[in-house]
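J.: Quick one: the structure is below, questions incoming.
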Amino acid sequence: MSCDEFVRMAGAYLDGELPDNERRRFEDHLAVCDACRRELAELKRLTEDLNMMRFKEPGDEELETYWSGVYNRLERGIGWILLAVGAILTLCYGAFKIIEEMIRDPAISVILKVGVCALIAGLVVLFVSLLRERLVVHKVDRYAREVER
Amino acid sequence: MNENETALLQRCQAGDKDAFGPIVKKYAGRASGIACLLLGCPDEAGDASQEAFVRAWRNIRRFDTHSPFYPWYSAILRNVCKSRLRRRARRRTVALTEGHRDSSSNTDPVLLAERNERKDAIWRAVMRLSDRFREIILMKHFQDMSYKEIAAALDIPIGTVMSRLHSARRALRETLAGEGS
């Protein structure tokens, strides 16, 4: 085994991830190479330090606040969906009624009728375009999807 | 995974939100720490890890309760953080165009359980790694994942895990040596 090969395998050796035959070759080389022993000792220090790194455990109060945040989001999720669906349905119905009334009313000028119709049509086009963009992004963005085990 | 957690997760699958509380509380600290290191921003870590718990809840019926919860959750958390980083990168492009500096990074190791000079230096060095190296260091050392689990999570061969981890540790050592630690 060359020293270069040794260095590449040193991490896996310390992690206990080397197969038996490679581990034996590794240890044979280690027995005869001072430079590699020093290299391994340095790497061992780093991996041991890394393994000792632990995250702070939040206190009870912090955990309660954290859980409340998650719980509120869980509940609000349904609320936002219902709100969005309700708003879309109400706006669509309202727009339809406005157009219907305006077209029937002879007192309203044609220019105003055309203007309002164009305004509503523009809003619909923009909404559909945004919705389509969101759907396309969601479809191609692999990070937006959940993982399944 | 202990029996208690399995039972809680089964209750979650039946729609019992209260059963999700102990699960969230058990992993909240680790989840926030990992999110902090992935995002490089302690302020955003809590929000991202909470978002990941919400996504986990919404998909809880797809979860196999015979498997451990944390690796599954950790993959969701990783996806949430990646999405945020991508959004941040887009915003940063706009901000830089407008002549602003990005102030979302904070390399202070505020979420470490114990702090000393060496640990603080390691934290800062981990923060300075590229996303790819930081991610694999987090998986191996902060989440105690095996090479096989890392390979599955990143969808790469075990040989690549070994070589990437080797490069990441080398980069880490160089950064630490540069700091004189």
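J.: How many residues does segment B:48-87 contain that are of a type in the set (S, T, Y) and over 15 Å from B:S32 (Cα atoms)? Talk me through it step by step, then tell me what you get.
T.: Initial filter on segment B:48-87 (of a type in the set (S, T, Y)): B:49, B:65, B:67, B:70, B:73-74, B:83.
Okay, now just the ones that are also over 15 Å from B:S32 (Cα atoms), so B:65, B:67, B:83.
Residues meeting the conditions: 3.
J.: Residues B:G46, B:G33: which one is over 17 Å from A:R76 (Cα atoms) and out of contact with any Ser or Thr (no Cβ under 7 Å at 6 or more places or on another chain)? Spell out the reasoning first.
T.: Working: B:G46 fails: out of contact with any Ser or Thr (no Cβ under 7 Å at 6 or more places or on another chain).
Answer to the check: B:G33.
J.: What number of residues within segment B:60-74 are without any contact (Cβ under 8 Å) to a residue 40 or more places away in the chain and surrounded by 15 or more Cβ atoms within 10 Å (Cβ to Cβ)?
T.: So in segment B:60-74, the residues without any contact (Cβ under 8 Å) to a residue 40 or more places away in the chain come out as B:62, B:64, B:72.
Now restrict to residues that are surrounded by 15 or more Cβ atoms within 10 Å (Cβ to Cβ): B:72.
Counting residues in segment B:60-74 that are without any contact (Cβ under 8 Å) to a residue 40 or more places away in the chain and surrounded by 15 or more Cβ atoms within 10 Å (Cβ to Cβ) gives 1.
Results for (1) surrounded by fewer than 22 Cβ atoms within 10 Å (Cβ to Cβ); (2) at the interface with chain A (Cβ under 9 Å from one of its Cβ atoms); (3) under 20 Å from B:P71 (Cβ atoms), shown as yes or no for each residue.
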site	(1), (2), (3)
B:R11	yes, no, no
B:K25	yes, yes, yes
B:R30	yes, yes, yes
B:D47	yes, yes, no
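J.: Sticking with this one: Please identify the pairs in which a residue from segment B:152-167 that is over 14 Å from B:F133 (Cα atoms) has its Cβ atom under 6 Å from the Cβ atom of a residue that is of a type outside the set (D, E, K, R), counting only partners at least 6 apart or on another chain.
T.: B:A153/B:A75; B:I158/B:Y147; B:I158/B:A151
J.: Answer yes or no: is there a residue in segment A:81-88 that is exposed (fewer than 11 other Cβ atoms within 10 Å of the Cβ) and either within 14 Å of another protein chain (Cβ to nearest Cβ) or under 30 Å from B:I23 (Cα atoms) (or both).
T.: From segment A:81-88, those exposed (fewer than 11 other Cβ atoms within 10 Å of the Cβ) are A:81-82, A:84-87; that's our starting set.
Pick out the ones that are also either within 14 Å of another protein chain (Cβ to nearest Cβ) or under 30 Å from B:I23 (Cα atoms) (or both) and you get A:81-82.
Yes.
J.: If B:K17 satisfies every condition in (1) within 11 Å of chain A (Cβ to nearest Cβ); (2) among the charged types (D, E, K, R); (3) closer than 17 Å to B:L77 by Cβ; (4) out of contact with any strand residue (DSSP E or B) (no Cβ under 9 Å at 6 or more places or on another chain) but one, which is the exception?
T.: Condition not satisfied by B:K17: (3).
J.: Filter segment B:115-161 down to the residues that are farther than 19 Å from B:C41 by Cβ and either of a type in the set (A, V, I, L, M, F, W, C) or touching a His at 6+ places or on another chain (Cβ under 6 Å) (or both) and list them by number.
T.: Scanning segment B:115-161 gives B:A121, B:I136, B:M139, B:M145, B:I150, B:A151, B:A152, B:A153, B:L154, B:I156, B:I158, B:V161.
J.: Same structure again: For segment B:150-181: of the residues being surrounded by 18 or more Cβ atoms within 10 Å (Cβ to Cβ) and of a type in the set (D, E, K, R), which is farthest from B:W72 (Cα to Cα)?
T.: B:R169
J.: Does B:L154 satisfy the criteria of being at the interface with another protein chain (Cβ under 9 Å from one of its Cβ atoms) and not polar (S, T, N, Q)? Working first, answer last.
T.: Numbers: at the interface with another protein chain (Cβ under 9 Å from one of its Cβ atoms): no; not polar (S, T, N, Q): yes.
So B:L154 does not fit the description; no.
J.: In segment B:59-84, how many are closer than 20 Å to B:N4 by Cα, under 11 Å from the mean Cα position of the chain (by Cα) and at the interface with chain A (Cβ under 8 Å from one of its Cβ atoms)?
T.: 1
J.: Considering segment B:49-58 alone, what residues qualify as being more than 15 Å from B:D16 (Cα to Cα) and either at pLDDT below 90 or at the interface with another protein chain (Cβ under 7 Å from one of its Cβ atoms) (or both)? Write out each step before concluding.
T.: The initial filter retains those residues of segment B:49-58 that are more than 15 Å from B:D16 (Cα to Cα), namely B:49-52, B:55.
Answer for segment B:49-58, where residues must be more than 15 Å from B:D16 (Cα to Cα) and either at pLDDT below 90 or at the interface with another protein chain (Cβ under 7 Å from one of its Cβ atoms) (or both): B:Q50, B:R55.
J.: Further, regarding this structure: Looking at A:E61, A:E48, which one is loosely packed, with under 10 Cβ neighbours inside 10 Å and either more than 12 Å from every other protein chain (Cβ to nearest Cβ) or acidic (D, E) (or both)? Spell out the reasoning first.
T.: Values: A:E48 fails: loosely packed, with under 10 Cβ neighbours inside 10 Å.
Result of the check over A:E61, A:E48: A:E61.
J.: Count, please, the residues in segment A:1-38 that happen to be touching a helix residue (DSSP H, G or I) at 6+ places or on another chain (Cβ under 8 Å), more than 10 Å from chain B (Cβ to nearest Cβ) and either under 30 Å from B:A121 (Cβ atoms) or among the polar types (S, T, N, Q) (or both).
T.: Initial filter on segment A:1-38 (touching a helix residue (DSSP H, G or I) at 6+ places or on another chain (Cβ under 8 Å)): A:1, A:3, A:6-15, A:17-18, A:22-23, A:26, A:29-30, A:33, A:35-37.
Those still in the list that are more than 10 Å from chain B (Cβ to nearest Cβ) too: A:1, A:3, A:6, A:13, A:22-23, A:26, A:29-30, A:33, A:35-37.
Now narrow it down to the ones that are either under 30 Å from B:A121 (Cβ atoms) or among the polar types (S, T, N, Q) (or both): A:3, A:6, A:13, A:26, A:30, A:33, A:35-37.
Going through segment A:1-38 one residue at a time, the tally reaches 9.
The values are calculated or read from the model by the stated rules, or taken from the named source; none is laboratory data. Since we're looking at a predicted model, the values are computed, not measured. Quick reminder, even Gly has a Cβ in these numbers, built from the backbone with ideal geometry, and neighbours come from all protein chains shown.
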